[in-house]
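The values are calculated or read from the model by the stated rules, or taken from the named source; none is laboratory data. Worth saying up front: this structure is predicted, and the values here are computed from it rather than measured. Side chains included, ligands, DNA and RNA excluded: accessible areas come from the protein's heavy atoms. Shrake-Rupley method; radii C 1.70, N 1.55, O 1.52, S 1.80 Å.
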Amino acid sequence: MRSATSCFNKTIIRTDVKRFWPLLFLYTAIWTVMLPVYQWVDLGFPYSDYPGDYLYDMMFGGVIMGLIFGGLFAMASFSYLMNSRSVGLMHSLPVSRSAQFFSHVAAVMGMLTAGKLIVAVLTVLVQLMHGDVAFKAIGVWLLVVTLVEFFFFSLGTLCSMVTGWLLAMPVLYAVANALAIMVTQLLRFLGELFYFGYANANSYPAVTYWLTPVYQMGEVLMDHVRETMEVVVDTVHPGGAMVVPEALVDYPRGPRVLSPEAPGVLAVYTAAAVVMLVISYFLYRRRASESAGDPVAFGWARPIFRYGVALCGGLALGLGLYSILSMNSDTVGLALLIVCMVLMGVLCYFAVEMVIRKSFRVFGKGWPGAVAVGVVLTAVCIGASMDITGYESRLPDEDKIESAEINIYREDIYVNECVEPETIAAVLALHEAIVADGELPTGDDGYYNVNLEYAMADGSRFVRHYTLSMPKAMKSAQIVGALDTLINCEEVRYQVTLNSSKEFAEGLKLRGGYITGKYIDHNQQLSAADADRIRDAVLADLANGAGKQEPLNVEGWPECTVYIELEGSERNLWLDRIRPDFTETVDVLNELGLDSATLFQVDEKYAEKYGW
C-alpha cells in the first residue's frame, strides 16, 4: 500500500474557509466599494483620460488593507494556539504540524486572492461599460496588493508564534510596525535635551523607514509617474524626412505607472516575508502545546520581552514624567531625568515580571534584573549628557559640502542654496564660532536663532539649529565678526534681495510687473522695458555693495523697503529690501514717477546712522 506525505490538508483548508468567511466577505466588500463601485460612479464624470489611474491611486489603500487584514487573518488562523483545549485537539490529529501550518497559510492567501479576483472582475466589467479596460493596471494592482498582504500576514504569523495570549498578538503586531519610529522619536527627545544645536530633522534615518513597512511601502506606492507618450507630427518634408519644428513639439502625459523605486522595495519586503514565514514555521514545530495561555511562548524569548519592555518603557515613561516635572525649568536636570527614567524602568520591569510569572510575588527574586535596567538607563542618560558621540563639536568637512542653506531669523536671512566657496567658508566660520562661544538663552534673555543645513557630496544632510543668548552673542567678537562676514557676502546679499540666484535673475526674460510699498496707495504697473531697467539697476547696486546689513541689530531695520515683483517667462522675480542705498534703483524709480521721498520715509536717526 503506497503512502505519501503532503504539506497541505484539504480538511483544514476547508475548515478555515468556513470559519473565516465573514472576514473574507468584509475584505471583499470594502475593496468592492473602493474600486469597482467608486469607479463606476466616477467614470460618469470623467476622472481621467486613463481608467487605470484610479487603481494606482488605490495602491496606498492596499497597504492599509494589507496591514489590517493581514494581521486579522493571522490572528484568526492561529487563535487555537492561545487556548489549551483547542491546541491540544489540533495537535492530537493525525496531521503533521508542517501540514497544519502550510494549510493555514494556503487557506488565508487563497481567500485573499479569491477576494481580489472578484474585485478585479467587477472592475473589468465597470470599465467595459465606459470604454477602455486597463488590464495592465488591474494586473499590477493584483500583484502589488498580493505582495503587500503576504508581508503583513507573515509578520502577523510570526507575532502569533511567540505569544500564547490572543489579545497580546495585536499589541505585538502594532509594536512591530511602529517600534522603529517610536525609538527614533525617543532618541531625538534625548538629543533635544542635551545637545546644543540638535536639529530634529523633518525626515527619519533610512533604517527607520525600512523598519516601518507601512511608511516605506506607502511612500513608494503613492509616488506615481506618468509614461511619456510618443509625439506624432503630420508635417513631412517633400524629400520624405519628417520635420518637427521645435516650437510645435509636445509631450502629452500618458497613463500612470509605478515609481521606479517600488519594485525594489516590494522585492525586499517579499524576501523578508519569506524569511519571517520560515522562522514562524520552525517556531511552530518547536512550540509546546502547554504554552497556550503564556504571554511568551518560548523560554529564550522571555529575557528579550522582559528587558525590551522595561528599557523602552523606562525611556518613554521616564521622559514623559521628566517633561511634566521640569515644565517650568529652563535647564536640563540630569539627576531628575535619571531618577524619572530609572523609576519608570524598574516599575515596567516588575510589571513584566508579574505578567510572565502570573504572580504578584516577584520582588524577592526580581531585584537583580531591576538593578540592571536601572544601570543601563543611567548609563544612557550620562552618556547623552557627556556627548560621547561628539555631536555638538562635529563640523562638516568643507571639501565635501556641495551647498549650504541658511536661516537667521533675527536678521531675516533666508537663503536656500549657497554654492560659492567664499559663502560656504563664511557659513563654516559662523558655525565654528557658535560651537566655541555660543550659549543658550536663560530666563528672560533675548534669543537669536541660526539654522544651518549642508548638502553633502554623498547625498546626506548635515543640519544644526541653534538658539543663542542674544546678550552673550553680542559680546562675542568671534560670533559678531563671523556673522557680519556671512550676511554681507556677495552671494547672500544677492539671494536675500533677489530671492533667487544672481544667474537666474540675469537670464530671466521679463514681461512686466508692479511695485508696491508701505507708503503708496496703489500698485505701479510696469512694462517689460521698465522691468528690465529696474532689474538691471538692482543688479548694478548689488555689485556696488548695496544691501549690506549690521549684525545683531537690536533696533531692527526701518520699514522703508519697496517690494517689486517682476513677471518672468519661467517664474516671477521678487525684489525685496530695496532701501535708499540702492542709488541707481532709486533713480530709475524716480524716472518712473515714484518719488523716493514718498517711498522711503526714514526716521532721522536711521538716515544719520546709515548715511541715507
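A few points about this structure:
- When each of 400/475; 10/116; 475/502 is checked by Cα-Cα distance, pairs over 28 Å: 400/475; 475/502
- For the range 315-438, the solvent-accessible area of protein heavy atoms averages 54 Å² per residue (probe radius 1.4 Å; ligands and nucleic acids excluded).
- Exposure rank, largest accessible area first [353, 261; 1.4 Å]: 261, 353
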